[in-house]
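Down below is the structure, laid out as structure tokens.
Derivation of every value follows stated rules applied to the coordinates shown; laboratory data play no part. Values in this document were obtained by computation on a predicted structure and should not be read as measured data. Cβ sites come from the backbone with ideal geometry, for glycine too, and all protein chains shown count toward neighbours.
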Amino acid sequence: MQNFVALDFETANRNPSSVCSIGLVFVANGRLADSYYRLIKPIPDI
């Protein structure tokens, strides 16, 4: 498995729909090729 994307979701609390950040790491030929990270504002509970 030389080429893959690792994905990470972080939540603000125990609610799985409260995603607050996402991170991706792209590996090509066994080496880090690129990465991405973004903060996400969770939708408040109503």
So Asn29 passes all but one of these: (1) out of contact with any Gly (no Cβ under 7 Å at 6 or more places or on another chain); (2) surrounded by 10 or more Cβ atoms within 10 Å (Cβ to Cβ). Which condition number does it fail? (2)
So the check is Cβ under 8 Å with 6+ separation or different chains; which pairs have a first residue in the range 11-25 that's closer than 15 Å to Tyr36 by Cβ and a second one that's outside any strand (DSSP E or B) and of a type in the set (A, V, I, L, M, F, W, C)? Val19/Ala12; Val19/Ile40; Ser21/Ile40; Ile22/Ile40
